[in-house]
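Worksheet for the structure shown next.
What follows is calculated from the coordinates using simple rules that are stated; it is not laboratory data. Please read these numbers as outputs of a predicted model, since none were measured by experiment. Cβ coordinates were reconstructed from backbone atoms using ideal geometry, including for glycine residues, and neighbour counts include every protein chain displayed.
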Amino acid sequence: MIIYEDKLSTRTFPLLQQLLPIHVQRHIVEVLDTNSTSHFYCKVEDNTPNVNVFLIEHNPKESYTTCHCYAYDRIGEDYLYNNMAVEHVQAIAKFISQLTLL
């Protein structure tokens with residue numbers, strides 16, 4: 001179930017604070033604060049007991065788009081984080097679509 005999907009900035013981030021644990025919030029704020037010329041788009045999916053957060057960073061000034069991915073459960077404070085250029089994500093999606101595993 002999607003629980004949030006929209007543009008994200010330091011002004012709109014407080015809308016997400018009640019949805020995310022503090023350790024994930026801190027990391028996202030760090031990403032938002034260090035990239036002032038970027039535009040951010042966020043999607044939060046609740047797949048109980050797991051939550052996925054997809055933060056897309058688009059920077060037209062510096063010509064890049066990066067995917068910041070977070071995954072956590074509601075049990076502890078551990079979370080997984082990965083960031084990849086959108087070209088890598090597209091290549092992985094293409095590879096997966098060619099497999100007969102899914």
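Before moving on, here are some points about what is shown:
- Ratio of the Cα radius of gyration of the chain to 2.2 N^0.38 Å, where N counts its residues: 1.13
- Rough spin-label spacing in nm, given labels placed 7 Å along Cα→Cβ, for GLU62 and SER97: 2.9
- The relative contact order of the stretch 22-99 comes to 20 percent, based on Cα pairs under 8 Å that sit 6 or more residues apart.
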